[in-house]
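Participant: Starting off with a structure, shown below.
Readers should treat all values here as calculations from the given coordinates under stated rules, not as data from a laboratory. What you are looking at is a predicted structure, and each value in this text was computed from that prediction instead of being measured. Every residue, glycine among them, receives a Cβ derived from its backbone with ideal geometry; neighbour counts consider all protein chains shown.
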Amino acid sequence: MKSLAGKVAVITGAGSGMGRAAVEIFAREGARIIAVDISDAVLDTAKNVDGEIFAMQADVSKEADVEAMIGKAQSEFGQLDAVLNVAGIAVPGMLMDVPLEDYERLMAVNLRGVFLGTKHAVRAMRASGRGGAIINWSSLGGINASMGTSIYSATKAGVISITKSAAIEAGKQGIRANCLCPGFIYTAMSAGGEKMPGILEKAALGRGGQPEEVAEVAAFLASDRASYVSGTVIPVDGGWSAKLA
Ligand code: NAP
């Protein structure tokens with residue numbers, strides 16, 4: 001029995017990395033999917049992944065785009081069961097050097113984008129009366145700081161906060177909201193990062209993660225098997241966050 005059979009999911013960041021991996025795994029588990037990305041790479045995802053996938057280009061930092069992508073689940077597939085707010089950007093910079101434009105870009109995509117995705121998911125799920133699952137992508141950087149990622153970390157800490165608020169405010173309507181905190185995952189965003197001395201050994205498992213290893217956790221959270229899981233912050237980091245040093 002496929003764990004997401006009969007469910008409809010909206011997945012952002014679906015053109016690359018963990019968003020694309022989530023499309024593959026949700027489709028494998030029987031979900032119908034609205035795959036969203038700012039990049040036309042999302043068309044390639046829909047073409048090459050087997051399943052009922054509707055591809056859509058949208059900018060998660062724009063409210064009209066986010067409303068349209070959430071509405072698409074209803075108009076295309078007649079229901080909405082899960083929203084995965086995966087899309088994000090990383091712009092490095094030491095706190096004392098961060099230009100205001102970089103701050104604004106990070107906040108717009110990583111925090112406003114997740115806020116809008118969560119807001120419209122809650123609205124649609126409340127209106128349907130069916131409940132649903134929201135899964136937001138934070139980062140280990142949302143829990144702890146690291147050199148040169150100050151504003152990125154601030155946005156990811158905000159994602160944790162937004163997720164907990166959604167869980168609290170919408171729980172009685174059967175809406176569950178949870179947050180994933182990936183460690184080092186091999187994607188376009190982290191490309192080349194594995195060359196940083198010691199970075200892979202930070203994980204207790206002594207290696208980086210594959211996008212699918214994070215997407216599998218999201219598939220569990222979206223399924224009915226996670227029916228009593230809400231408001232959580234789950235590191236998917238090979239044990240990195242368990243280490244003192
Ligand atoms: P990725 O491979 O770069 O994929 C991110 C996707 O989001 C890209 O297709 C990107 O399009 C898209 N995107 C960017 N801005 C957007 C916008 N405004 N609206 C819609 N889509 C937009 O990154 P990833 O590594 O899979 O990251 C997924 C999430 O995990 C992010 O939130 C990231 O912060 C988080 N994360 C990543 C790691 C890691 O090690 N990789 C660790 C912790 C957390 P473009 O390519 O055109 O920009």
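Participant: Relative contact order of the chain, please, whole-number percent, based on alpha carbon pairs below 8 angstrom and at least 6 residues apart. Before the final figure, lay out the partial values.
Facilitator: Values: 533 pairs, mean separation 47.2, N = 245.
About 19 percent, as a whole number.
Participant: Take the eigenvalues of the Cα gyration tensor for the range 15-145, scale each by 5, and report the square roots as semi-axes in whole Å, largest first.
Facilitator: 27, 17, 14
Participant: Sorted from fewest to most neighbouring beta carbons within 10 Å, what does the list Ser138, Ser3 look like?
Facilitator: Ser3, Ser138
Participant: Right, next: Explain nothing, just the number: relative contact order of the range 131-245, from Cα pairs under 8 Å at least 6 residues apart, as a whole percent.
Facilitator: 33
Participant: Still on this structure, please answer the following. Please list 3J(HN,Hα) in residue order for the range 195-202, calculated via the Karplus relation 6.51 cos²θ - 1.76 cosθ + 1.60 where θ = phi - 60°; whole Hz, with x for glycine and proline.
Facilitator: 7, 5, x, x, 5, 6, 6, 4
Participant: A further question on this structure: Taking the Cβ of Gln173 as the center, what net charge do the other residues with Cβ under 11 Å away carry, scoring Lys and Arg +1 and Asp and Glu -1?
Facilitator: Surrounding charge for Gln173 is +4.
Participant: Next question. Run through all the Cα pairs of the chain and give the fraction in each 10 Å bin from 0, expressed as whole percent.
Facilitator: 8, 34, 38, 17, 3, 0
Participant: Can you list residues whose amide H is under 5 Å from Gly209's amide H, if they're 5+ apart or on another chain and H is modeled 1.01 Å from N?
Facilitator: Placed amide hydrogens put Phe184, Ile185, Tyr186 under 5 Å from Gly209.
Participant: Just the Cα atoms of the range 102-245, one point each, no solvent: what log10 I(q)/I(0) does Debye give at q = 0.15, 0.16, 0.18, 0.21 Å⁻¹?
Facilitator: Treating every Cα as an identical point scatterer, log10 I(q)/I(0) equals -0.78, -0.87, -1.06, -1.31.
Participant: Which of the aspartates and glutamates could a cross-linker span from Lys72 if the Cα-Cα distance has to be under 15 Å and same-chain partners fewer than 8 positions apart are dropped?
Facilitator: Hits, sequence-local ones excluded: Asp37, Glu52, Asp59, Glu63, Asp81.
Participant: Work out how much length Met147 to Asp97 would gain on full extension: take 0.36 nm times their residue separation and subtract the Cα-Cα distance, in nm to one decimal. Write out the running numbers ahead of the final one.
Facilitator: Working: separation 50, 0.36 × 50 = 18.00 nm, distance 1.22 nm.
Gain on stretching Met147 to Asp97: 16.8 nm.
Participant: Also, I was wondering about something else. Return the percentage of antiparallel bridges among DSSP beta bridges fully within the chain, rounded to the nearest 5 %.
Facilitator: So the antiparallel bridges in the chain amount to around 0 percent.
Participant: Taking the Cβ of Val36 as the centre, find all other residues whose Cβ is under 9 Å away and add up their charges (Lys, Arg: +1; Asp, Glu: -1).
Facilitator: -1
Participant: May I ask for the net charge around Asp224, where only other residues with Cβ less than 14 Å from the Cβ of Asp224 are counted and Lys, Arg are +1 while Asp, Glu are -1?
Facilitator: Values: positive: Lys2, Lys7, Arg130, Arg176, Arg225; negative: Glu29, Asp81.
Combined, the nearby Lys, Arg, Asp and Glu give +3.
Participant: Add -39500 (n - 2.57) for each DSSP H run of 4 or more in the chain, then divide by its residues: what number comes out at 222 nm, to the nearest 500 deg cm²/dmol?
Facilitator: Result for the chain, helices only: -12000 deg cm²/dmol.
Participant: Let me ask something else about it. Mind checking which of Ser128, Gly15, Leu43 is farthest towards the positive end of the chain's charge dipole, using Cβ charges of +1 (Lys, Arg) and -1 (Asp, Glu) about the Cα centre?
Facilitator: Of the candidates, Ser128 comes out farthest on the positive side.
Participant: Oh, and also: Please compute the Kirkwood hydrodynamic radius over the range 165-234, one decimal place, Å, based on all pairs of different Cα atoms.
Facilitator: 13.9
Participant: Taking 31 Å as the cut-off for C-alpha to C-alpha distance, list the pairs among Lys2/Lys119; Lys62/Lys195; Lys7/Lys156; Lys7/Lys62 that go past it.
Facilitator: Lys62/Lys195
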